[in-house]
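Reviewing the structure listed below.
The values are calculated or read from the model by the stated rules, or taken from the named source; none is laboratory data. Just so it is clear, the structure is predicted and the values come from calculations on it, not from any experiment. Note that each Cβ is placed from the backbone with ideal geometry, even for glycine, and that neighbours are counted across all protein chains shown.
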Amino acid sequence: MKKLWQKNTQMLDTFIETFETKDDLLLDQKLIVYDVYGSLAHAKMLKKIGILSAYELKLLTEGLKEILTLTEKNQFILEAGDEDIHTKIENFLIEKYGDIGKKIHTGRSRNDQVLTALRLYSKDKLLAIWEDVMQLTESFQHFANKYESMAMPGFTHMQKAMPSTVGMWASAFTEALLDDLTALKTAYELNDQSPLGSAAGYGVPLPLDRQYTADLMGFARVQINPIYSQNSRGKIETQIIAALSAILIDINKFATDVLFFTSSEINYFSVSENLYSGSSIMPQKKNVDVAELLRSKLHLLLGHYTQIMSLSSNLISGYNRDFQDSKKPFFESLDLTHDSIKATTLLINNLIPNKTKLESSLTSEIFATHQALELVSKGMPFRSAYQKVGNDLQHVEQKNIPELMLQSNHIGGTGNLMLEHFSKMLDTEKKHYQQVLKNFRTAVSVLVTEDIHKTTASIDIKTNFPYNIQNLILSRKN
């Protein structure tokens, strides 16, 4: 098939073409819908500045919408020879409309075209992960509320240290995930800028309306400098993966805790039967394999981070084809994170505390610090109290656990976990997310339907998306 860069009958060596495009074609399949969005916005802008007539825009829009319909039916598939998604789309339009199809690329390069599609794809995926994190946070919050006062040993250096509660342990992950949302939103904001119109990285001598296309696609702003638009490829992807890593660090910690606490020797928690795996040889084995795999995913993500960081460094300013190899680790990072959050949500929702074992594990020595502080409250200097209790641990007294838990009533203490505060924070996050999501979905809906008279208020973002776009842009399978 003819390439966009081809100027004569000279063909690219068959092996080289396969080497350059084989794996990337599979990845480009994920970008079809997003590349169409960019092309729709670009075509409307070309009409606005007088490059396209109303009739030409009408035909190109119909052709691009047909691609969306074919994609939904799995009938627009990249094949060997297509080179990339941009070639596939442009050749489709040329076959249908001749010279009109040849106009769609005016003022645009594959450099800004792929970057635009990647930004739109990332917006979609990050919105889905954003929602996933809020759902996971809500699950931890529910678990913390349910078992707020159930006592359990707290650990330092993998040894019992001080009394804690199941609620304190679970809400640690609630607060951690709320912090992770801050990092995720920052990554989303960095990604939420339109590179369309930067062309090959140096602009073009045409009156392109870059703000207009950015608005049409639902971007928050234009990425102004054309060279930086290209230089930011890889940089913004690593910022996104860094934010995803923060989430997986907390998932890793939770998974490690679950494996320790569900071991037969500790037995503080169990999981629902449908989450256990077994052994092919040992009939008695019940393994929480999901937690082991969740623990490992962080390390895979860090590998992807290193790949992209390495690929995008030591390159001269401007586009370099090395960037192509960053797609695979980037796409895998987004999918891996989404799946990990879903699995973690299932795990916390199916975690069961063993109240009897937890309480029996609160043996007398765990109250040593409390006994020292009781002496402090009677006037003894802390270091003297520490020495006295430490030299006579066999006489540390068992405490009234419920009463003891309430004594730590400072912010974050076992008697004052501030769970309502976290609930309010989560409610605020949900409202912000809904507004960001609606802004994006509305922009895409208007872009595809062409009905510029529809307003944000009049569009039902759940039911009125054309061509089942909500399934296309919000699909988490691709």
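Values computed for the structure shown
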quantity: Qualifying positions in segment 209-226 - under 13 Å from Asp112 (Cα atoms) and either in contact (Cβ under 8 Å) with a residue 12 or more places away in the chain or not hydrophobic (A, V, I, L, M, F, W, C) (or both); calculated: Arg210, Thr213, Ala214, Val222, Gln223, Asn225, Pro226
quantity: Residue ID - nearest to Leu216 (Cα to Cα), chosen from residues in segment 39-71 that are more than 36 Å from the chain's Cα centre (by Cα) and of a type in the set (A, V, I, L, M); calculated: Ile49
quantity: Every residue from segment 330-365 that is out of contact with any strand residue (DSSP E or B) (no Cβ under 7 Å at 6 or more places or on another chain) and among the charged types (D, E, K, R); calculated: Glu332, Asp335, Asp339, Lys342, Lys355, Lys357, Glu365
quantity: Check on Thr369, modelled with pLDDT of 90 or more, hydroxyl-bearing (Ser, Thr, Tyr), outside the structural domain of Ala144 (by TED's automatic domain parsing) and within 21 Å of Phe261 (Cβ to Cβ); calculated: no
quantity: Top-ranked residue of segment 286-320 - restricted to ones that are part of a helix (DSSP H, G or I) and free of Cβ contacts under 8 Å to residues at least 12 places away in the same chain, ranked as surrounded by the fewest Cβ atoms within 10 Å (Cβ to Cβ); calculated: His299
quantity: Qualifying residue in segment 271-280 (condition: exposed (fewer than 14 other Cβ atoms within 10 Å of the Cβ), under 31 Å from the mean Cα position of the chain (by Cα), within 22 Å of Ile249 (Cα to Cα) and not aliphatic (A, V, I, L, M)); calculated: no
quantity: Residue tally, condition surrounded by fewer than 24 Cβ atoms within 10 Å (Cβ to Cβ), modelled with pLDDT of 95 or more and farther than 17 Å from Glu189 by Cβ, over segment 232-252; calculated: 4
quantity: Criterion violated by Met152 - all others in (1) outside any helix (DSSP H, G or I); (2) surrounded by fewer than 22 Cβ atoms within 10 Å (Cβ to Cβ); (3) aliphatic (A, V, I, L, M) satisfied; calculated: (2)
quantity: Options Glu148, Glu83; residue that is in the same structural domain as Phe254 (by TED's automatic domain parsing) and either of a type outside the set (Ser, Thr, Tyr) or touching a helix residue (DSSP H, G or I) at 6+ places or on another chain (Cβ under 9 Å) (or both); calculated: Glu148
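Conditions (1) touching a residue at least 24 places away in the same chain (Cβ under 8 Å); (2) crowded, with 21+ Cβ neighbours inside 10 Å; (3) in the same structural domain as Leu120 (by TED's automatic domain parsing), marked per residue:
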position: Gln29; (1), (2), (3): yes, no, no
position: Asp35; (1), (2), (3): yes, yes, no
position: His42; (1), (2), (3): yes, yes, no
position: Ala54; (1), (2), (3): no, no, no
position: Thr87; (1), (2), (3): yes, yes, no
